[in-house]
Amino acid sequence: GESVGLHLPTLSVQEGDNSIINCAYSNSASDYFIWYKQESGKGPQFIIDIRSNMDKRQGQRVTVLLNKTVKHLSLQIAATQPGDSAVYFCAGLNFGNEKLTFGTGTRLTIIP
Amino acid sequence: DTAVSQTPKYLVTQMGNDKSIKCEQNLGHDTMYWYKQDSKKFLKIMFSYNNKELIINETVPNRFSPKSPDKAHLNLHINSLELGDSAVYFCASSHMAGHRGYGYTFGSGTRLTVV
C-alpha cells in the first residue's frame, strides 16, 4: 500500500536561513504530491503541490523537488521567518482511489 | 467566511458514551472527509463522501458512523467511546473530479479526549 514518511521528526533553523524538509515514499503509483503546513491548534494548510511527471515546482519562498528515481520529495523554504514554525506534512495521492496519504510530519522550529 | 467549520472544538467525555462531531463546508465542494490525527501527529483518512455517497471507508470500527445529510455537511457519530479514540478529528472537503491539493481544505479540528 501507499506509504509516505519523513526522514527527520524535528528541524531547527536560524531565522533568515533556508530550510529543507525531506520525505520518502514507497508507492510509485502516486500521481500527485502535496506539502501541508499545520500550525498549533489548526488544520493542515496547503502549501504547494507537484504532479508526478514534474521534478520541480516553485512558489513564493517555497520549492518542491521530486526525485522519482529514489522516491524522494523535499520542501525548501527560503529566508525562513518565525511564522514558518509549524509541523510540515507531505502527502501522496493516487487518482485511482482518490485517497490522500500523509507522511508522519516534521516539526520545523525557526530560531530568532 | 468561506471555510470548513466543525464543532465542537474540544470534547471531553467518559468511556462508553456516544458523541457526535459536526462538519459543514460552504465552499461548494462535492466531497467531504474525516481524518484522525493521533498523539504523534499522524494523519489518516477515515471516511470520504461524495454527494452524500460513501466513497472511502478505511476499515474504521463500526462504532464510527458518518452521516451526510447533504453535500455540505458530514457528521461523525461515535458509539461506545474508548480511550483509544482520543485524538484530533479533522473534517476536510474538496472537489472529487480533479481532486487536487490546492482545493483540499481542512477544518480546524475537534480534540476528543476520552477519560
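The values are calculated or read from the model by the stated rules, or taken from the named source; none is laboratory data. These figures come from a predicted structure and were not determined experimentally. Methodologically, a virtual Cβ is constructed for each residue, glycine included, from the backbone with ideal geometry; neighbour enumeration extends over all protein chains shown. Accessible surface areas use protein heavy atoms only, side chains included; no ligands, DNA or RNA. Shrake-Rupley method; radii C 1.70, N 1.55, O 1.52, S 1.80 Å.
Among the residues of the stretch A:96-112, which ones are of a type outside the set (K, R), facing chain B (nearest Cβ under 7 Å) and touching a residue at least 24 places away in the same chain (Cβ under 8 Å)?
Answer for the stretch A:96-112, where residues must be of a type outside the set (K, R), facing chain B (nearest Cβ under 7 Å) and touching a residue at least 24 places away in the same chain (Cβ under 8 Å): A:L100, A:F102, A:T104, A:G105.
Please find, within the stretch B:61-85, the residue that is farthest from B:K36 (Cα to Cα) out of those that are in contact (Cβ under 8 Å) with a residue 40 or more places away in the chain and not hydrophobic (A, V, I, L, M, F, W, C). It would help to see each step written out before you state the result.
In the first step, residues of the stretch B:61-85 are kept if they are in contact (Cβ under 8 Å) with a residue 40 or more places away in the chain; the result is B:71-83.
After this cut, where a residue has to be not hydrophobic (A, V, I, L, M, F, W, C) as well, the list is B:71, B:73, B:75, B:77, B:79-80, B:82.
Working: B:K71: 21, B:H73: 18, B:N75: 14, B:H77: 14, B:N79: 16, B:S80: 17, B:E82: 15 Å.
Checked the stretch B:61-85; the qualifying residue farthest from B:K36 (Cα to Cα) is B:K71.
Looking at the stretch B:77-95 only, could you name the residues that are open to solvent by 20 Å² or more (accessible area, probe 1.4 Å), over 20 Å from A:F102 (Cα atoms) and not small (G, A, S)?
Residues satisfying the conditions are B:H77, B:N79, B:E82, B:L83.
Return the only residue of A:T10, A:T69 being within 14 Å of another protein chain (Cβ to nearest Cβ) and surrounded by fewer than 21 Cβ atoms within 10 Å (Cβ to Cβ).
It is A:T10.
Given (1) open to solvent by 20 Å² or more (accessible area, probe 1.4 Å); (2) more than 14 Å from every other protein chain (Cβ to nearest Cβ); (3) of a type in the set (A, V, I, L, M, F, W, C), where does B:L74 come up short, assuming only one miss?
Of the numbered conditions (1) open to solvent by 20 Å² or more (accessible area, probe 1.4 Å); (2) more than 14 Å from every other protein chain (Cβ to nearest Cβ); (3) of a type in the set (A, V, I, L, M, F, W, C), the odd one out for B:L74 is (1).
So A:D84 clears everything in (1) modelled with pLDDT under 95; (2) open to solvent by less than 30 Å² (accessible area, probe 1.4 Å); (3) under 30 Å from B:A3 (Cα atoms) except one condition, right? Which one?
(1)
Could you tell me which residue of the stretch B:96-115 is surrounded by the fewest Cβ atoms within 10 Å (Cβ to Cβ), considering only residues that are at pLDDT below 90 and in a loop (DSSP other than H, G, I, E, B)?
Looking at the filtered set, the residue picked out is B:G98.
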